[in-house]
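Below is one structure, written out as structure tokens, with a few remarks after it.
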Amino acid sequence: MSRLTELLRQARKADKQLGDDLEKEFAALMKRRTFGLVFEQHQPEAVELPGREVRRGDKVRVLPPRGEVKQGDQRLWRVERIERVDGGRVAHLLQLDAEEPETQVAITDDLVVVAEFNDRIYPGLVETGRVERGGDRPFHTVINAENYHALEMLTYTHRGKVDAIYIDPPYNTGAKDWKYNNNYVASDDDYRHSKWLAFMQRRLEVARELLNPEDSVLIVTIDEKEYLRLGMLLEQTFPEAQTQMISTVINPKGTGRTAGFRRVDEYIFIVRFGSQTITPSTDVNLGSKPSDHSPKEDDGARVGLDWQTFRRRDLASARGTKKGGPNQFYPIYVNEKTGRIEEIGTPLPHHVDRSAAPQRPGCVAVFPIRDDGMEMNWGAIGSTFRARLEAGHARAGAAQPDKPQRYVIQYLKTGVIKDIEAGRAVVEGFAQDGSVIAYYEDAAAKVPPTQWNVRSHSAEHGGTGVLKALLPGRTFPFPKSLFAVEDVLRLVVGHKKEAIVLDFFAGSGTTAHAVMRLNEQDGGARQCISVTNNEVSAEEQRGLRVQGLRPSDPDWEALGICDYITKPRLTAAITGQTPDGEPIMGEYKFTHEFPMRDGLEENVAFLTLTYEAPLSVRHNRAFERIAPMLWMRAGSQGRIITDLGEDGWDVAETYGVLENLDQAGDFVVRVAEEELVSTAFIITDDDSAFQMVCRDLPSAVLPVRLYESYLQNFMLRGGR
């Protein structure tokens, strides 16, 4: 170590900046793990910001000529100065990270600004539209942005406030389904997995700052390509949390494979913080056997009893085996007209053929026979089954006329019977066949398992099918089942009617749609913050470039995920109309069933992330773009204060903004009159003036100093 220290000293003596850089990299290497999940951290990501005006001091790339489909020059340049020539803007550029930097001149229209993830950013928001159908409910928000920078922005508006994060990140299939440093990651990339881990780690570390450490949850879905690495990453990033993994069937038919097994499932990691607990809704019946949330089993806000098959399953319990015993192979007589069990016959010795059993008029003699004809044993001797039948704890289930066992025979296990006897399961009555009708009132009485198989969770029907109904003629690859997301969220925020949910890989907007449906079911006021970019697919990009288009051109942006899918999907869900203005055909066939054309009584605002200059912010020249962030910090309710008018202050439904301190008295009076106001933003550089206003504000109102709080937040976040 001393030799390396001496070399660093010599390097610093020859070139101080080089020595400092080497020492920084050496320190980073010393902190790296030598066990657990070890991966290459890679250089910080960089994202292009098409449409952002080029300014002096910006990092930029030079775009390829219009009509060119090949990747352009990836070198980074610094804008040294900008001058106006013949009505246009021309930038003088200096190459970055080069031993002998080149210079060049380019018109600003041929440049794109680049932000690296270790750069300081000063974000703003621009509202691009809204849909209002929810009265005074809070707004859901959709933010068109690179998600890392959007997460950075949310550290100012929602630090420690988020109740649940649900994300469906890129699965890293190698099919160019995500980008690292503005390049699609392909299957032949030797660093594919470590790039994905670095990509995820950076976002998860910012996301943890948004979660409420006392009571919140992170939900991440993934398939088999990265689930092992993701599990270790979650354990290492959140060592204080409780983490479990669920396997859920999303495609019963299975995905086609040229070799190996057909994949029918994917995985859900549930990472719980603080006191967060799983509180199963009584609307949900998740399990390893296919379920469609049938009203027969789940009536309204109830969970039905778990009826088990009475026939033994294990081969060791086949008829004639030692384990089976001689008294568990007997006929159960089921009336063919009523489906009711009428009698329980006498056990047949092993050597007696079942056809020798006595016949009963109008009844079928049901024996425990597998579909392949193998004779098994019942789960209990005849006297035990009779006692359960008489108590209503056994019944004949579905008829199977084409199978060796003509009826499914069902019974309740001892644990369920004890629940009935203890009152944990409430008896409502008895069916015509004499079986008990009961349900669980207590949501905690039914803890969901870690293996789910629910028909409505099928990505084909609950994902693609729903999206086709909302957006006829538009496609989106692999949308999540709306009802699968709804079920997961119900388990973690079903009891929190004002929960804040975040999805920073929002894609088609399924998470926000699911949150809206939860609100519809219980009158909740939950909010969802959805973050998605406006990328077009790799295939579409090539065609658009051939046409001479570039990102930020209106015809290009119109086909991006946010503008073409996410915003129209949520608009359709709320209004009940397709983008063409036609009523949506079809119904929500799930826990809460109703026609899609009825829409949802919700509000949503559409926003785009901007990048501001700190000097403009400090001098109050960027207020209009900071304004939506203040609105979000105050609860995303009501109108956004975008103009302070002649008086220099304004008060909206949940917050107020004061610039003209001479009007502080009127401002404070108005704030006190508004019961829902919780935050007051005071624009001043004078700490004593700020404290003076704070003293006069109602105690329930939180004072925030602008722009000191904003600038300090993002100054501290820079240079990571």
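The values are calculated or read from the model by the stated rules, or taken from the named source; none is laboratory data. All figures in this text were calculated on a predicted structure; none of them were measured in a lab. Because the Cβ atoms are built from the backbone with ideal geometry, glycine has one as well, and the counts that use them run over all protein chains shown. Keep in mind that these areas ignore ligands, DNA and RNA; they rest on the heavy atoms of the full protein, side chains included. Shrake-Rupley method; radii C 1.70, N 1.55, O 1.52, S 1.80 Å.
Checking each residue in region 486-519 for being without any contact (Cβ under 8 Å) to a residue 40 or more places away in the chain and of a type in the set (A, V, I, L, M, F, W, C) picks out 514, 518. Within region 305-325, residues that are at positive phi and in a loop (DSSP other than H, G, I, E, B) have Cβ atoms under 9 Å from residues that are open to solvent by 60 Å² or more (accessible area, probe 1.4 Å) and at pLDDT 85 or above in these pairs: 320/350; 320/351; 325/381, counting only partners at least 6 apart in sequence or on another chain. The residue of region 652-663 that is most open to solvent (accessible area, probe 1.4 Å), among those that are under 18 Å from residue 139 (Cβ atoms) and not in a strand (DSSP E or B), is 653. Could you tell me whether any residue of region 441-451 is in contact with a strand residue (DSSP E or B) (Cβ under 8 Å, 6 or more places away or on another chain), under 25 Å from residue 394 (Cα atoms) and open to solvent by 60 Å² or more (accessible area, probe 1.4 Å)? The answer is yes; a qualifying residue exists. Does region 476-489 include one or more residues that are more than 21 Å from residue 222 (Cβ to Cβ) and out of contact with any Lys or Arg (no Cβ under 6 Å at 6 or more places or on another chain)? Checked region 476-489: no residue is more than 21 Å from residue 222 (Cβ to Cβ) and out of contact with any Lys or Arg (no Cβ under 6 Å at 6 or more places or on another chain).
Quick one: which residue in 35, 39 is of a type in the set (Phe, Trp, Tyr), more than 16 Å from residue 112 (Cβ to Cβ), at pLDDT below 95 and surrounded by 10 or more Cβ atoms within 10 Å (Cβ to Cβ)? Result: 39 is the single residue among 35, 39 that is of a type in the set (Phe, Trp, Tyr), more than 16 Å from residue 112 (Cβ to Cβ), at pLDDT below 95 and surrounded by 10 or more Cβ atoms within 10 Å (Cβ to Cβ).
If I go through region 628-651 residue by residue, how many of them are touching a residue at least 24 places away in the same chain (Cβ under 8 Å) and not in a loop (DSSP other than H, G, I, E, B)? Outline the logic, then answer.
So the first thing to find is which residues in region 628-651 are touching a residue at least 24 places away in the same chain (Cβ under 8 Å), and the list is 628-638, 640, 651.
From the residues that got through so far, the ones that are not in a loop (DSSP other than H, G, I, E, B) too are 628-633, 651.
Adding up the residues that qualify gives 7.
Look at residue 114 and say whether it is open to solvent by less than 10 Å² (accessible area, probe 1.4 Å), within 30 Å of residue 631 (Cβ to Cβ), in a strand (DSSP E or B) and of a type in the set (A, V, I, L, M). In short, yes.
Among residues belonging to region 402-416 that are at pLDDT below 90 and not small (Gly, Ala, Ser), point out the one that is farthest from residue 390 (Cα to Cα). Give the derivation first.
So in region 402-416, the residues at pLDDT below 90 come out as 402, 413-416.
Among the residues that remain, those that are also not small (Gly, Ala, Ser) are: 402, 413-414, 416.
Details: 402: 29, 413: 15, 414: 15, 416: 16 Å.
Applying the filter and picking the extreme gives 402.
Looking only at residues that are assigned to a strand (DSSP E or B) and of a type outside the set (Phe, Trp, Tyr) in region 326-353, which one is most open to solvent (accessible area, probe 1.4 Å)? It comes out as 342.
Looking across region 119-147, the residues that are surrounded by 15 or more Cβ atoms within 10 Å (Cβ to Cβ) and either among the hydrophobic types (A, V, I, L, M, F, W, C) or without any contact (Cβ under 8 Å) to a residue 24 or more places away in the chain (or both) come down to 121, 125, 131, 139, 142, 143, 145.
Quick check on this structure: which one of 241, 207 is in contact with a Phe, Trp or Tyr (Cβ under 6 Å, 6 or more places away or on another chain) and under 26 Å from residue 150 (Cβ atoms)?
On the way: 207 fails: in contact with a Phe, Trp or Tyr (Cβ under 6 Å, 6 or more places away or on another chain).
Being in contact with a Phe, Trp or Tyr (Cβ under 6 Å, 6 or more places away or on another chain) and under 26 Å from residue 150 (Cβ atoms) holds for just one of 241, 207, which is 241.
Listed here are the strands (runs of 3 or more DSSP E) enclosed by region 354-447 that have at least 1 residues being more than 45 Å from the chain's Cα centre (by Cα), over 30 Å from residue 276 (Cβ atoms) and in contact (Cβ under 8 Å) with a residue 40 or more places away in the chain: 363-366.
For residue 89, are the conditions met, namely being of a type outside the set (Asp, Glu), open to solvent by 30 Å² or more (accessible area, probe 1.4 Å), within 28 Å of residue 565 (Cα to Cα) and in contact (Cβ under 8 Å) with a residue 12 or more places away in the chain? Quick ask: steps written out before the conclusion?
On the way: of a type outside the set (Asp, Glu): yes; open to solvent by 30 Å² or more (accessible area, probe 1.4 Å): yes; within 28 Å of residue 565 (Cα to Cα): no; in contact (Cβ under 8 Å) with a residue 12 or more places away in the chain: yes.
Taking the combined requirement at face value, the residue does not satisfy it.
Search region 524-578 for residues being among the acidic types (Asp, Glu) and over 30 Å from residue 136 (Cβ atoms), and hand back the single one that is modelled with the lowest pLDDT. First the steps, then the outcome.
From region 524-578, those among the acidic types (Asp, Glu) are 535, 539-540, 553, 555, 557, 563; that's our starting set.
Imposing the further condition that a residue be over 30 Å from residue 136 (Cβ atoms) reduces the set to 535, 539-540, 553, 555, 557.
Numbers: 535: 90, 539: 80, 540: 87, 553: 92, 555: 94, 557: 93.
So, considering only residues that are among the acidic types (Asp, Glu) and over 30 Å from residue 136 (Cβ atoms), the one modelled with the lowest pLDDT is 539.
Per the conditions (1) within 30 Å of residue 617 (Cβ to Cβ); (2) assigned to a strand (DSSP E or B), the sole criterion not satisfied by residue 120 is (2).
Look through 288, 317, 281, 275 and report the one residue that is modelled with pLDDT under 85, of a type outside the set (Asp, Glu) and open to solvent by 70 Å² or more (accessible area, probe 1.4 Å).
Details: 317 fails: open to solvent by 70 Å² or more (accessible area, probe 1.4 Å); 281 fails: open to solvent by 70 Å² or more (accessible area, probe 1.4 Å); 275 fails: modelled with pLDDT under 85.
That would be 288, the only listed residue that is modelled with pLDDT under 85, of a type outside the set (Asp, Glu) and open to solvent by 70 Å² or more (accessible area, probe 1.4 Å).
Scanning region 459-489 for residues that are surrounded by fewer than 20 Cβ atoms within 10 Å (Cβ to Cβ), charged (D, E, K, R) and not in a helix (DSSP H, G or I) yields one hit, 474.
Look at (1) more than 23 Å from residue 565 (Cα to Cα); (2) touching a residue at least 40 places away in the same chain (Cβ under 8 Å); (3) crowded, with 21+ Cβ neighbours inside 10 Å and you find that residue 613 fails only one, number (3).
Just one of the listed residues (455, 517) is more than 28 Å from residue 203 (Cα to Cα) and either touching an Asp or Glu at 6+ places or on another chain (Cβ under 6 Å) or acidic (Asp, Glu) (or both), and it is 455. Against the conditions (1) at pLDDT 95 or above; (2) part of a helix (DSSP H, G or I); (3) buried (at least 19 other Cβ atoms within 10 Å of the Cβ), residue 666 satisfies every one except (3). Against the numbered list (1) in contact with a Pro (Cβ under 8 Å, 6 or more places away or on another chain); (2) at pLDDT below 95; (3) buried (at least 19 other Cβ atoms within 10 Å of the Cβ), residue 177 comes up short only at (3).
Right, residue 131: among the aliphatic types (A, V, I, L, M) and at pLDDT below 95 or not?
On the way: among the aliphatic types (A, V, I, L, M): yes; at pLDDT below 95: no.
So residue 131 does not fit the description; no.
Has region 151-159 got at least one residue that is modelled with pLDDT of 95 or more, basic (Lys, Arg) and open to solvent by 30 Å² or more (accessible area, probe 1.4 Å)? Yes: one or more hits.
Hey, could you check region 672-715 for residues that are in a helix (DSSP H, G or I), among the polar types (S, T, N, Q) and closer than 23 Å to residue 615 by Cα and say which is most open to solvent (accessible area, probe 1.4 Å)? So that I can check it myself, show each step before the final result.
To start, the set of residues in region 672-715 that are in a helix (DSSP H, G or I) comprises 672-673, 687-696, 708-715.
When the remaining residues are screened for being among the polar types (S, T, N, Q), the result is 688, 691, 709, 712-713.
Checking the rest, the ones that are also closer than 23 Å to residue 615 by Cα come to 688, 709, 712-713.
Numbers: 688: 78, 709: 26, 712: 99, 713: 24 Å².
Checking each candidate, the answer is 712.
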